[in-house]
Amino acid sequence: MDDELIDETGRPVSRYTRLPGKGFFYPDSLDDGHQEERAAETIEGADAVVIADGDADGLACAAMVRETHDAALDVAAFEAAIEARLAAEGVDGAGAAADVGDDADASTEDESTEPDDSTAEPDDPTAETDDPTAETDDPTADAHAESPVGLIAAGPYALARSLERVVEYADDGIDLYVCDLCPDEYEPIAESLEALADVCASIRWFDHHQWDDAVAASVREAGVDLVVGDSDAECTADVALRSLDGLDDDRWAELAAVTRDHDLWIKEDPRSDDLADYAYWTGAEEYTTVVGAYGADLPRTVHDYVEHRRVEKRARIDAAIDRAVTHEVGEWTVAVTYGRCSQNEVAEGLRERGADAAVIVKPAGSASIRGSEGFEHAHEVAGKVNGGGHPRAAGCKPDIYDDMLDYAHHWTTDGQACRRVILAAFEAVAEAVADAEEGTEGTEADAEANADDA
């Protein structure tokens, strides 16, 4: 394939946001080889390994673990790399962007500033930050192999494979940490976790998601020190902070508080969006090193980078909102849109326009479903189309893509087939809710009648 066909440089947002990122077009079989090699370099010879969700919460935990092991990397090299990226993208030292907007050159994928619903959605294969084909002279390119505390950034669907890689490459006697990840079932991780329990000096698992009691019990029975915080009051960084020794510096408490502000969608501290966006737009090693050195108060170079990227982010959000079409389903107004965008900001914009629920169909074939006070059935809708999640935040990937012709139709019709099956799921849920309400009303009427007879 000609690289220019998937190069976004100079192309308007209205066109390139209709297609997946470059990583989508790179075969999984080749990417697996790249990831395997990188994992081996990270894990072999390490004193400890952290498997963490790659968002701001999970990576804050990784920074804390490295601090307790005196294993933080030198932040200066990363700051120099950021300055080099800004210079290459035409941004001066004052943060002014040159020729950004519809012609912005996106080097990473979209969905920044997600709420903590990572268990709801399958991994998006279109992320470009780890493009195996990318050529770079970045002096931090080998950072993943330089700390004695190796870091494996993994989403929930990659947890089992990450544990298998630790089994394969880690030395006996390491300390293993798992942060901000919650398995839906124990069976997929059982063999690896039990094998690691036999060879690791310790396994500590910090999280704040809602665990199934049986899964939590099995993890603990395997010999894991599992600490699960209150998902309504703590993020995983809070859990790590109170569970690890040696984090007395105030910057760690502040980092946890600001991370919580975004992760729990409190949104009272403007720094929390900076952390969330930065974590999404950069690599795990860079984020972990920078917040480990600076805490929640990011350096000016990082602010310049984040502000530069937000110009394009805003354009993507606006394009998705403008594409939205509303549907009346039962008692709900459902807005459906398409494109690469920051899905929660898009959903918020659609709610402001009167939608009870928002569906963001993505070029990679998956979709995000967001609810509101008037719609708390997102997980039920997603469950009917190969997905799941929470009442107000869920994700799915309908099983409707058999070959690249199906994807071509998806891209050229703004996800028409995906929209159709998800709206059918909304209809089914609306009928079930209506039937349940009628049943409740009938029961109440019978009860009243019985009371009158008595």
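What the table shows:
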item	result
Point-to-point label distance, V325-V75, nm (Cα→Cβ direction, 7 Å offset)	4.9
Linear extension gain, D7 paired with E36, 0.36 nm per residue minus alpha-carbon span	7.8 nm
Ranking of K362, K22 by count of other Cβ atoms within 10 Å, fewest first	K22, K362
Options (1) 33.0, 108; (2) 25.6, 110; (3) 22.9, 85 - which one matches Rg and Dmax of the Cα atoms in Å as calculated here	(3)
Sparse-neighbourhood loop sites, GluC sites (Glu not before Pro) in the stretch 371-424 - DSSP loop, at most 16 other Cβ within 10 angstrom	E373, E376
Ordering of 170-178, 324-332, 398-406 by burial proxy (mean other Cβ atoms within 10 Å per residue, highest first)	170-178, 324-332, 398-406
Alpha-carbon centroid distance for the pair the stretch 295-349 / the stretch 1-76, whole angstrom	22
The chain - mean residue ellipticity at 222 nm from DSSP helices (-39,500 (n - 2.57) per run, n ≥ 4, rounded to 500)	-15000 deg cm²/dmol
Inter-probe distance in nm under a simple model that places probes 7 Å from Cα toward Cβ, at E427 and E352	3.3
Shape category assigned to the stretch 190-243 from the gyration tensor of Cα positions, a/c cut at 1.5	oblate
Cβ-based exposure ranking for S368, S192, S14, in which fewest neighbours within 10 Å come first	S14, S192, S368
Rough spin-label spacing in nm, given labels placed 7 Å along Cα→Cβ, for Y294 and D249	1.4
Top positive-direction residue, dipole computed over the chain with Cβ charges, set V149, A417, G10	G10
Burial ordering of D3, D318, D304, fewest other beta-carbon atoms within 10 Å first	D3, D318, D304
Cysteines not pairable in the chain (beta carbon separation under 4.7 Å absent)	C182, C200, C235, C341, C396, C418
Spatially near lysine pairs across the chain, Cα under 24 Å, sequence gap of 8 or more or different chains	9
Cβ-placed point charges (K, R +1; D, E -1), dipole of the stretch 324-441 about Cα centre in debye, nearest 20	660
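Just so you know, all these numbers are worked out from the coordinates, no wet-lab data involved. Treat the numbers as computed from the prediction; the structure is a model and nothing was measured. For neighbour counting, all protein chains shown are included, and Cβ atoms are generated from backbone atoms with ideal geometry for every residue, glycine included.
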